[in-house]
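Step one of this worksheet: look at the structure below.
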Amino acid sequence: MESILLFTSVFSSHSVLLIWIGGGLLFLLLCYGIYYQWRDGKKLHQELIEIDKVKQNNIEYDFVMKAMKIAVWRYDLRTEDFVIENDYREGHDNYVPGANEKLMETSSNIASADLDRVRKAFADFCEGRSEIYHQEYQVKNQGSGEMYWEESYATIVERDGDGKPVKIVGTSQRIDARKGLETSLIAARNKAEESDRLKTAFLANMGHEIRTPLNAIVGFADLLPVVQDEAERNQLILEIQTNNQKLLRIIDGLVSMSKIEAGAKSLLMGKVELNQLLQEVADAYQPTTNLPINVQCPLPQLKIESDREKLVEILDHLVQNAIKFTTEGEINLGYEVQGNQVRVNVTDTGKGVSKEDQSRIFERFFKVDEYIPGTGLGLSVVESHIKNLGGSVGVESSLGVGSNFWFTLPLE
């Protein structure tokens, strides 16, 4: 009996010990499981953060590419494959290489004027002779055949064991708007410089232009008291009157241009009978030239709504111009009705105007012949007045044949 009790007591002690050991092991296993679950959770959380960062970076990357309107391309020097990875350029006529297209095929679409320069710069970059690649060039549109401007940058993303470039990534951007702006700015600068040169020449010439008729007026006026012969006196008076008109025309041109510069565009509109107006101008200038001034009107009468004073000034300048550059032949004034407008023509058989000068003849201070007296303002005044009256002006001319200066006016 005692043996049974002793066995029971020992067994009971061992059971308690086993239970404690089992519980401890179970607790350790539980802690170990919790630890690994926490560690894996933390790792997963970090991975999610990294994934979110990548997504965020991709969103920012796409946003920047779209904002800059550029294409991202890659070039593998070993295979010579040229691939556009993302294209955010403006327009739908951009050149996009096909799958596995080689560099030589791609570059063949560059304008011939730029091709050698671009290929050399890219070759130097790929061979490591230069660290920067940046070029501007024109590319041919495959659909329409038209050319557009493009700007490219590139950088090396992978090198071989010798440090030679293996892979290159670059960007291309359309720069048509910028190139257009550059061209406009250059043209504006050149025009401003030319205008400044012409203005300087005009100011230098103006003293001579005014002094010539003024000297004649003063000189002949001083002779009048001492000349007794009636015919000589009449000739002197005629010379004084002629030079008075020359001086007045110069001053009128300056005044008209000053008004235009000041922005004065006031018009006194009213009914103007065109046949009568042309005849009046022809009659006014016929005594000043040996050339016949003819008026050719297809209609017995034509009334238009316009500013009579401005029309007289326009015709004055055109007729004076025709007389100045015509030594033989004739001068014709006329018009033709074209739909809802009338085209007035002042035609001469003078020396004519070259094609190059025709494009500039209405510019201020421009003179076809520097040796012929004039301010270079008359035709510029004509153009300004015609535009204010709602019409257009132009010239048709051939050297040695003559010129036809024309302008249009609305009939209503």
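The values are calculated or read from the model by the stated rules, or taken from the named source; none is laboratory data. Quick caveat, the model's predicted, so the values are computed rather than measured. A quick note on method: Cβ atoms are made from the backbone with ideal geometry, for glycine too, and the neighbour counts reach across all protein chains shown. Heavy atoms of the whole protein, side chains included, go into the accessibility calculation; ligands, DNA and RNA do not. Shrake-Rupley method; radii C 1.70, N 1.55, O 1.52, S 1.80 Å.
Below, the figures for the structure above:
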| quantity | calculated |
| --- | --- |
| Residue pairs meeting the criteria (Cβ under 7 Å; at least 6 apart or on separate chains; first under 25 Å from TYR285 (Cβ atoms), in region 218-242; second modelled with pLDDT of 80 or more and open to solvent by 70 Å² or more (accessible area, probe 1.4 Å)) | LEU236/LEU223 |
| Selection count where residues are in contact with a strand residue (DSSP E or B) (Cβ under 7 Å, 6 or more places away or on another chain) and either surrounded by 19 or more Cβ atoms within 10 Å (Cβ to Cβ) or hydroxyl-bearing (Ser, Thr, Tyr) (or both), scope region 127-137 | 3 |
| Residue match in region 192-208 (condition: open to solvent by 30 Å² or more (accessible area, probe 1.4 Å), part of a helix (DSSP H, G or I) and at pLDDT 80 or above) | yes |
| Filter result (among the polar types (S, T, N, Q) and in a helix (DSSP H, G or I)) within region 112-133 | SER112 |
| Residue identified as under 14 Å from VAL344 (Cα atoms), open to solvent by 40 Å² or more (accessible area, probe 1.4 Å) and touching a Leu at 6+ places or on another chain (Cβ under 8 Å) among VAL281, VAL312 | VAL312 |
| In region 300-354, the residues that are part of a strand (DSSP E or B), under 19 Å from PRO287 (Cβ atoms) and aliphatic (A, V, I, L, M) | ILE331, LEU333, VAL346 |
| Residue ID - modelled with the lowest pLDDT, chosen from residues in region 368-401 that are surrounded by 19 or more Cβ atoms within 10 Å (Cβ to Cβ) and under 22 Å from ALA188 (Cβ atoms) | GLY376 |
| Every residue from region 138-171 that is of a type in the set (Gly, Ala, Ser) and either surrounded by 14 or more Cβ atoms within 10 Å (Cβ to Cβ) or without any contact (Cβ under 8 Å) to a residue 12 or more places away in the chain (or both) | GLY145, SER152, ALA154, GLY161, GLY170 |
| Residue satisfying all of: in region 107-119; open to solvent by 20 Å² or more (accessible area, probe 1.4 Å) and closer than 18 Å to LEU77 by Cα; modelled with the highest pLDDT among these | ARG119 |
| For ASP87: the one exception among (1) among the acidic types (Asp, Glu); (2) more than 13 Å from VAL169 (Cα to Cα); (3) at pLDDT 75 or above | (3) |
